[in-house]
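Working notes for the structure below.
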Amino acid sequence: MIHHAVKGQTSYGEAVGILLLDSHAPFIHGDVGNARSYGYPVRFKRIDGLTVERIFAHDMTFVDRMVDGARELEREGVKAITGDCGFMAIYQSAVKAAVSVPVLLSSLLQIPFIRSTLPDGAKVGVLTANSESLTDDVFNQLGVDRSGMVVVGLETKPYFKAGALDEVGTLDSDKIREEVVDAATEMAAAHPEVRSILLECSMLPPYGEAVSRAAGLPVYDFLTMIDHVYSALVKKRFDEGV
């Protein structure tokens, strides 16, 4: 078999490219920004200046830099592009129009699929990093109908706020797990119509198993979306025998 070099490409085999916020937080195992969270190689690209504060403010002045970052990842050979913040939804339309590979910048893109698995009248519970910033515009940018959701924010949870939002430079994962589980179980108890939970924030997948166990519900997050798309990009080969 003859293999050909791709001009300008410096490494190979990274099917998924990930656009990162310019943030200062430890990305623990399970976080979208931690390469060990995946069973396959990924390529990261930071968007300098796109801070947590700016993304929560829906700063559209970064759309060109997001597009440039996505194009760079595409030139480097990735087959799909994602991000590390659900609020990157505001750039979804522009970025997907600029590249020729699939773009999935927000975990919120899973909502239509989750809804399709549930009976009429059931709701999707969304745990988000910042409920005040999760406005209708974020959903509109994705073409996602906001109805039929229960949204709960973590912005008032002290340990999550310190580690993820205030970026103090440390993160107490045990305390954050407790806060996330408490928020999920309180939501499920107050809204029994919630039949599935989506963790919007890219820092929340490490706590998905604890949430699912405590709430007794399916839990979706960034990694369920990325793994799903990867399974479409890099197909498993099966033995054709019996």
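Consider Arg71 carefully, then state whether it is under 24 Å from Val6 (Cβ atoms), in contact with an Asp or Glu (Cβ under 7 Å, 6 or more places away or on another chain) and surrounded by fewer than 20 Cβ atoms within 10 Å (Cβ to Cβ).
So Arg71 does not fit the description; no.
Tell me the residue from Ala162, Ala189 that is over 19 Å from the mean Cα position of the chain (by Cα), aliphatic (A, V, I, L, M) and over 29 Å from Val42 (Cβ atoms), please.
After applying the criteria, what remains is Ala189.
Say whether the condition of being of a type in the set (Lys, Arg) and more than 21 Å from Glu53 (Cα to Cα) is met by at least one residue in the stretch 152-165.
No: zero hits.
Which condition number in (1) crowded, with 17+ Cβ neighbours inside 10 Å; (2) touching a helix residue (DSSP H, G or I) at 6+ places or on another chain (Cβ under 6 Å) is the one that Phe62 fails?
(2)
Looking only at the stretch 62-78, which residues are in contact (Cβ under 8 Å) with a residue 60 or more places away in the chain and acidic (Asp, Glu)?
Residue satisfying the conditions is Glu76 alone.
Regarding Ala188, is this residue part of a helix (DSSP H, G or I), at pLDDT 95 or above and either more than 23 Å from Val32 (Cα to Cα) or of a type in the set (Ser, Thr, Tyr) (or both)?
Criteria met by Ala188.
Could you list, in sequence order, all residues of the stretch 99-133 that are part of a helix (DSSP H, G or I) and crowded, with 17+ Cβ neighbours inside 10 Å?
Ser107, Leu108, Leu109, Gln110, Ile111, Ile114, Arg115
Only one of (1) over 21 Å from Ile226 (Cβ atoms); (2) crowded, with 18+ Cβ neighbours inside 10 Å; (3) out of contact with any Ser or Thr (no Cβ under 7 Å at 6 or more places or on another chain) is not met by Gly163, so which one is it?
Against the list (1) over 21 Å from Ile226 (Cβ atoms); (2) crowded, with 18+ Cβ neighbours inside 10 Å; (3) out of contact with any Ser or Thr (no Cβ under 7 Å at 6 or more places or on another chain), Gly163 comes up short only on (3).
Just to be sure I understand, how many residues within the stretch 24-41 are in contact with a helix residue (DSSP H, G or I) (Cβ under 6 Å, 6 or more places away or on another chain) and closer than 19 Å to Ala70 by Cβ?
Residues in the stretch 24-41 being in contact with a helix residue (DSSP H, G or I) (Cβ under 6 Å, 6 or more places away or on another chain) and closer than 19 Å to Ala70 by Cβ: 1 in total.
Just a yes or no: is a residue in the stretch 154-161 of a type outside the set (Val, Ile, Thr) and within 30 Å of Val101 (Cα to Cα)?
no
Here is a check on your reading of the model: is Val6 farther than 17 Å from Met225 by Cβ and at pLDDT below 95?
yes
Which of the residues belonging to the stretch 192-217 are over 24 Å from Tyr40 (Cα atoms) and part of a loop (DSSP other than H, G, I, E, B)?
Pro192, Glu193, Gly216, Leu217
Could you look through the stretch 9-59, keep only residues that are part of a loop (DSSP other than H, G, I, E, B), charged (D, E, K, R) and at pLDDT 95 or above, and pick out the one that is farthest from Asp174 (Cα to Cα)?
Asp59
The values are calculated or read from the model by the stated rules, or taken from the named source; none is laboratory data. Because the structure is predicted, anything quoted here is derived from the model rather than measured. Glycine also receives a Cβ, built like all others from the backbone with ideal geometry; neighbour counts cover every protein chain displayed.
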